[in-house]
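To start, the structure itself, in structure tokens.
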Amino acid sequence: MLKKVILLFCAVAVCSASMAQVKKKIKKGRRNKSESQFMLEENYFQAEWEVGQETLTDNLNTTVYPNLVMRYGVNKQFEINAEVSLLTARDQSSQKKNTTGIEPVTIGANYLLLSETAKRPAIIFSGQFAVPFLATKSFTATYWAPALELIVEKAVSRQVILAASGGAFWDGFSTHASFIYNGNISYNLTKKWALTSEWFGFINGTPQHNTDLSITYTLNKSVQFGVTAGAGLSAAAHKNYIAINGVWGCFTKRKR
């Protein structure tokens, strides 16, 4: 009986996978983390924004207003992107100091190494680097800060998409890299509403493990709004995070 149940489950999974593929879709996630990224279509421009607050410790929190990511699909395999964050860091200890400024601007690209089929996932290489001098004085980094990731994505049904990524991240203030990882699952509740649960972190000596949950509403093919809330899972991680975000996109050329 158990063998029959297992065989039936496998058959359903294979059938579901054969009908589903990761669709190019709009998606916004939390800043400064490893995350899966869907490739854009050719000649498609996308702007992603987020406004939120992150509590790092009992005495330190950061308000971001906004984090802005701009992406452009050069062709079906290659996209370029840039990211900038305006924020205020508040030190509530005895110093009582607020610092406002722009973090180093990040420039990068994503390249589709392997397209998804019914039997295999999509594999994407993602590379970004933060430019130390493209920041206000208070947030200028010491070194160039690259982030390199390999991303794997697969739709296992018409409603569920699984993704995982791993790579290396430099913070701009140390020459030592951190290992970064992310695993997430997206579930389409309806044609317009979706839930995404993510587990991600940075490992360099003391690990920083985090989780968050996002709910998004897709207004149309180009506009999306969402809310993200998260918490730290390890002692070195940030305590909590909450934000509202959105996406807007358009084709820069008419599709043939």
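Summary of values
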{"item": "Unsatisfied cross-links (Cα-Cα over 24 Å) in the set LYS191/LYS239; LYS137/LYS239; LYS154/LYS192", "result": "LYS191/LYS239; LYS137/LYS239"}
{"item": "Ordering of 197-205, 240-248 by burial proxy (mean other Cβ atoms within 10 Å per residue, highest first)", "result": "240-248, 197-205"}
{"item": "Table column - 3J(HN,Hα) (Hz), the range 187-195, Karplus curve with 6.51, -1.76, 1.60, x for Gly and Pro", "result": "10, 7, 5, 9, 5, 10, 9, 9, 10"}
{"item": "Paramagnetic label zone (point 7 Å from Cα along Cα-to-C-beta, ASN98; backbone N under 20 Å) in the range 223-252", "result": "242-244"}
{"item": "Normalised contact order of the range 26-248, rounded percent, pairs of Cα under 8 Å and 6 or more residues apart", "result": "17 percent"}
{"item": "Straight-distance crosslink candidates among aspartates and glutamates, where the alpha carbon sits under 17 Å from LYS253 and sequence neighbours closer than 8 are dropped", "result": "GLU41, GLU42, GLU79"}
{"item": "Estimated vicinal HN-Hα couplings, Hz - the range 72-79 in sequence order (Karplus 6.51, -1.76, 1.60; Gly, Pro = x)", "result": "9, x, 6, 8, 6, 10, 10, 9"}
{"item": "Extension gain, ALA235 back to CYS250 (0.36 nm per residue minus Cα-Cα distance, nm)", "result": "1.2 nm"}
{"item": "Loop-located trypsin sites (Lys or Arg not before Pro) in the range 146-228 whose Cβ has at most 16 other Cβ within 10 Å (DSSP)", "result": "ARG158, LYS191, LYS192, LYS221"}
{"item": "Under 12 Å, Cβ to Cβ, from THR88 - net charge with Lys/Arg +1 and Asp/Glu -1", "result": "-1"}
{"item": "Gain in span if fully extended, THR190 to GLN159, counting 0.36 nm per residue against the direct Cα distance", "result": "10.3 nm"}
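Readers should treat all values here as calculations from the given coordinates under stated rules, not as data from a laboratory. Since we're looking at a predicted model, the values are computed, not measured. Cβ: placed from backbone, ideal geometry, glycine included. Neighbour counts: every protein chain shown.
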